[in-house]
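Here the structure is laid out as structure tokens; the discussion comes afterwards.
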Amino acid sequence: MPPLSLPALHASHAGSWLLDRSGSTRTVGKGEAVTAAADTPHLIINAPLVATRLGYPDLSGLDVLELFAFVHPARFVVPTPKGLAHALGLPEPADDAEVPHLLQNAAGVLLATCMDPAWPQREGAWSALQSLTRLRWAWAAPLAGHIARPERAERWLFSKLPEWEEAGEQPQPRQIAIEEAATLTRLQQLTGASAEQRESQRDYAVRAASAFLPRRKSGEPHLLLSQAGTGIGKTLGYLAPASLWSELSGGTVWVSTFTKALQRQLRKESRRAWPERRPDGSQPVVVRKGRENYLCLLNLEDALQGGFAGRAAILAHLVARWAAYTQDGDMIGGDLPGWLATLFRQRGITALTDRRGECVYAGCSHYRKCFIERASRASASADLVIANHALVMVNAARGRDHAARPMRIVFDEGHHVFDAADSTFAAALTGAESIELRRWVIGPEKSSRGRRRGLSARLADVASYDEAGGRAVEAARTAAEALPSDGWLQRLAEGVPSGPLEELFAAVRATVYARDETGGTEAGYGLETEVAGLEGAFVELAQSARAALAELRQPLIRLGTRLEAMLEEPPDWLDGQGRQRLEGARHSLSWRVDLLAAWEALLERLGGPADPEFVDWLAIDRSEAREFDIGIHRRWLDPMKPFARTVLEPAHGVVMTSATLADRTGNEDDDWRLAVVRSGAPHIGVMPQLSAHESPFDYAGQAEVLIVTDVPRGDIPALAGAYGRLIEASGGGALGLFTAIRRLRAVHGRIADRLARGGLPLYAQHVDPIDTGTLVDIFRDDPSASLLGTDALRDGVDVPGRSLRLVVMEQVPWPRPTILHRARRLAAGAQKGGASAYDDGIIRARLAQAFGRLIRSKEDRGHFVVLSAAFPSRLLTAFPPATPIRRVTLDEALQRVSAHGLEPTMNDQAAAPLA
């Protein structure tokens, strides 16, 4: 396996290193590195990241990660020099200067793999390479001599993907009661006979089993709210009774999560209870996500046949390589490397998924091989379906799915159910949403390739057979002309809106800016104003827009009726596949009719009395002072009301569980009050069972909370200095959490180079061109690395061990004072504790979630630092009991962090525990 003797380039915050053809590596400046890379293609790793380090956005070269994706599709690798070395069995580079040699060796190993007769991903490689050669892929020439032409012509991807099979309707599950002894026996089987028997986990499993009892009364599910501290082992705790119930009853259990990281963990843990495949080849465990997560084969075919150009076309062929070996076609959080999209600057990935809801179902030539349909059908007969909160709610709300409606559900990360319901049951009439509806009806304005052809083209055969249906299609097409079209934002900015919807959005924009009181200080953020005191002219525009939406909704209703009639009395030419296509079209029509009805209801109430159950506001969405959407929003004041009616009431058993489900107010009754309200139980008259299981960790000896009192609020240099010194004191392994992207970027820009020169790499969301999941993978893989991020990293990040030994929060995570938050805060003011208690509960939950990132096992030790002198004492109960909490200066915090010591300091006053 000789190294590939091409020049190589590596750049980090610590500097740049160049390995030339003579075989010598030297340090170079950014200018020389850019000049060298622009003149001759160099071996690099993660081109967008190197480009960011060099300040040269157009950097290109021979990215070893692209070669890895071609040679090992659907295989995990951390996209760093260290991760690449581990994946290929090469020595880990000792420092940055050794990385260029590693790149040569890694390329050599990958090329040699292509010549190995035992290469498991050989099928399809030669054909893919021919296409990539025509596209002038940088790796095509080096690969050419390493992949032999097969003796037989390789099958096209779409001909070799397996087809899913239709299955009969599943019988209702048997009604059984699980014995406590059986639950504990199953738990011991899952944890292993030699594993430590944790009483808290055993108690948790027994309590979870109560949700699988036969339901006593229609509309009243068994509902358990269970708080389980970190380290309890709640995943196996609820999988024990779930697997036992499914085995004995023949029914399906749904486990719902909020984060993709927990979905991956659940898939792994479920293998203890279920095999990968049953003897008949079916899957007992299925992961379900929204359609927008999966590869659309029709989109991929369009891309491979000329729909994509340039780098995006190369990406399409690499995705096709992956599609032949993927487990389930999941492009977002599945086995497609998250870094692959960023290598191509995000161009193409979203266009390959079903993001616009334009699926033609059985009308698609790849319908029988569709990853989405396969997962949907597999879940109908699965023992366990792993899904996310939004999908569970959408399935329950729409009631149309090949699998039965979820009847026995475990909501893991249950503290997020409220937020998920808030988004799922919301209504938003925005420019972006309405232009997508126009494209669905009329088709895109610039292209008619593939399925993006508009309603009349997709249902041409129906229109030709059924005169009334044809008239409805044409009427819908005409009415959709009133919706915004391409260039609508520019027209609004220029004051020349076109059509009733654009005129309404122009009025929204003008009203929001007129009422803005920030004086331009919030230039990087969105703006909003409440729906109150609207002028008559605004209300008239809203009613004109409502009438235009009604003009579109009515023909869609008529078209749905015609499709239903054709399905009841099918014509001679309608075969089974055609019937499925019409079923899919009717479903697509149904939810768009519902969407239009929601928009009409929203507009109808403008100018009239406010509905106390809803909160309405006008908004301009912006990023970096650039407007990207404008619209009118509506949220339920309490989204658990529709959740309870839609999800809880039909269910038989529901478990909501989390490490931070209940509040920590210091009063046991108050602790559960908000959790019960946020479960939705009061809306269906059910009193949930409550259980709490404390973490087994020794927080007094493993962790310490330090509240730093001398970093001035709003002083960016001081904030950056504190972060830099704390990361240096801990030797990396720090997770920095921010409440504002602007401050995150400012801090990163001030300290990243200095830390890197000390051997402490620093990564950051919203700075590095890397997706969040990959950033966490990099952070987990390198104990000297640190990571800065926002809310997405405060919850759901599982990094046990020395890779995470310090959590730093820039300030107390106060709720953002949005119109929606204000309304809910005022509503809470009439309840026990009042509005301030509502805010305190939110803050304590955020602090508890952030602290939960620190101690993930009995071996973990670390510090939790908050850079806020104004930390209210009433919030300290957010942290686990017995955790030492100290108010200290930054210098004192640095001493404690650098010593990695958790024993009391000599300064009794500074070190006195506050909780």
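Bear in mind these aren't lab numbers, they're just calculated from the coordinates by the rules spelled out. Keep in mind the model is a prediction, meaning the values are calculated, not measured. Cβ: placed from backbone, ideal geometry, glycine included. Neighbour counts: every protein chain shown.
Towards the positive end of the charge dipole of segment 208-328, with charges on Cβ (+1 Lys, Arg; -1 Asp, Glu), say which of TRP245, HIS222, ALA313 has the farthest Cα.
So the residue furthest toward the plus end is HIS222.
For segment 370-438, what's the relative contact order in percent, using C-alpha pairs closer than 8 Å and at least 6 residues apart?
Answer for segment 370-438 is 31 percent.
In terms of the Cα gyration tensor, with a ≥ b ≥ c the square roots of its eigenvalues, is the chain rounded because a/c is under 1.5, prolate because a/b exceeds b/c, or oblate?
Judged from the Cα gyration tensor, the chain comes out rounded (a/c under 1.5).
Which whole-number percentage describes the relative contact order of segment 699-911, with Cα contacts under 8 Å and a sequence gap of 6 or more?
Relative contact order of segment 699-911: 35 percent.
Work out the charge dipole of segment 447-636 with +1 on the Cβ of Lys and Arg and -1 on the Cβ of Asp and Glu about the Cα centre, then indicate which of GLY578, ALA506, ALA598 is farthest towards its positive end.
Sorting the options by dipole projection puts first GLY578.
Karplus couplings for segment 888-897 from phi (6.51 cos²θ - 1.76 cosθ + 1.60, θ = phi - 60°), rounded to Hz, Gly and Pro as x?
Going residue by residue, I get 9, 7, 4, 4, 5, 4, 4, 4, 5, 5 Hz, with x marking Gly and Pro.
For ASP63, what residues show an amide H to amide H distance below 5 Å, using hydrogens built from the backbone and excluding near sequence neighbours?
Result for ASP63 returns ILE44.
How far apart, in nm, are two points set 7 Å out from the Cα along the Cα-to-Cβ line at GLU32 and at SER857?
In this crude spin-label approximation the distance works out to 4.4 nm.
Using just the helices of the chain, give the 222 nm mean residue ellipticity in deg cm²/dmol: DSSP H runs with n ≥ 4 each add -39,500 (n - 2.57), and the total is spread over all residues, rounded to 500.
Here the helix-only value at 222 nm equals -13000 deg cm²/dmol.
What ranking do 158-169, 574-585, 364-375 get when scored by the average of other Cβ atoms within 10 Å per residue, highest first?
Highest to lowest by the protection proxy: 364-375, 574-585, 158-169.
Sort ASP335, ASP616 by Cβ crowding within 10 Å, fewest neighbours at the top.
ASP335, ASP616
Taking other Cβ within 10 Å of each residue's Cβ, how do MET407, MET656 sort, fewest first?
So the ranking, lowest neighbour count to highest, is MET407, MET656.
Could you work out how far apart the two model spin labels at SER218 and TRP814 are, taking each label as a point 7 Å from the Cα in the direction of the beta carbon, and quote it in nm?
Label-label distance for SER218 and TRP814, simple model: 5.1 nm.
Could you run the Karplus curve 6.51 cos²θ - 1.76 cosθ + 1.60 with θ = phi - 60° over segment 772-777 and give me ³J(HN,Hα) per residue in whole Hz, x for Gly and Pro?
Result, rounded to whole Hz: 4, x, 5, 4, 5, 4.
In units of 2.2 N^0.38 Å, what is the alpha-carbon radius of gyration of segment 699-911?
That works out to 1.00 for segment 699-911.
Quick one: divide the alpha-carbon radius of gyration of segment 8-154 by 2.2 N^0.38 Å and tell me what you get.
Cα-based Rg divided by the globular estimate yields 1.07.
Where Rh is the Kirkwood radius over the Cα pairs of segment 292-372, the temperature 10 °C and the viscosity 1.306 mPa s, what D in µm²/s does Stokes-Einstein return?
126 µm²/s
Which whole-Hz ³J(HN,Hα) couplings does segment 314-326 yield from phi under the Karplus relation 6.51 cos²θ - 1.76 cosθ + 1.60, θ = phi - 60°, glycine and proline marked x?
For segment 314-326, the Karplus-derived couplings read 5, 4, 4, 6, 5, 5, 5, 4, 5, 4, 6, 10, 5 Hz, x marking Gly and Pro.
Rounded if a/c is under 1.5, else prolate if a/b is larger than b/c, else oblate: which is segment 778-830, with a ≥ b ≥ c the root eigenvalues of its Cα gyration tensor?
prolate
Taking the Cβ-Cβ separation of THR40 and ASP781 as r and a Förster radius of 30 Å, what is the calculated FRET efficiency to the nearest 0.05?
Once the sixth-power term is evaluated, E becomes 0.45.
Relative contact order of the chain, please, whole-number percent, based on alpha carbon pairs below 8 angstrom and at least 6 residues apart.
13 percent
Rounded, prolate or oblate: which fits segment 414-509, taking a ≥ b ≥ c as square roots of the Cα gyration tensor eigenvalues, rounded meaning a/c under 1.5, else prolate when a/b beats b/c?
It comes out oblate by the Cα gyration axes.
For ASP710 and GLN188, what is the calculated FRET efficiency with R₀ set at 60 Å and r taken between the beta-carbons, to the nearest 0.05?
With R0 = 60 Å, the Cβ-Cβ based efficiency is 0.70.
Kindly provide the pair-distance distribution of segment 447-636 built from C-alpha pairs, with 5 Å bins from 0 and whole-percent values in order of increasing distance.
Binned Cα distances yield the sequence 1, 7, 14, 16, 15, 13, 11, 9, 7, 4, 2, 1, 0, 0.
For the chain, give me the percentage of DSSP beta bridges that are antiparallel, rounded to the nearest 5 percent.
Bridges in the chain are about 35 percent antiparallel.
Full extension from GLN554 to VAL539: what is 0.36 nm times the residue separation minus their Cα-Cα distance, to one decimal in nm?
3.2 nm
Could you list TRP156, TRP440 in order of exposure, starting from the residue whose Cβ has the fewest other Cβ atoms within 10 Å?
TRP156, TRP440
Net charge near PHE643: determine it from the other residues with C-beta under 10 Å of the C-beta of PHE643, scoring Lys and Arg +1 and Asp and Glu -1.
Neighbour charge sum, excluding PHE643 itself: 0.
List residues of segment 566-584, by number, whose backbone nitrogen lies under 11 Å from a label position 7 Å along Cα→C-beta of ALA468.
Within reach of a label on ALA468, which here means backbone N under 11 Å from a point 7 Å along Cα→Cβ, segment 566-584 contributes 566.
At a Förster radius of 51 Å, what calculated FRET efficiency corresponds to the Cβ-Cβ distance of GLN689 and ASP611, to the nearest 0.05?
For GLN689 and ASP611, the calculated efficiency is 0.90.
How many lysine pairs in the chain, separated by 8 or more positions in sequence or lying on different chains, have Cα atoms less than 19 Å apart?
Count of close lysine pairs: 8.
Run the simple label-point estimate for ARG174 and ALA457 please: 7 Å along Cα→C-beta, distance reported in nm.
The modelled label-to-label distance comes out at 5.4 nm.
Determine the dipole magnitude for the chain: charges of +1 sit on the beta-carbon of Lys and Arg, -1 on that of Asp and Glu, nothing else is charged, the reference point is the Cα centre, and the result goes in debye to the nearest 20.
Result for the chain is approximately 880 debye, rounded to the nearest 20.
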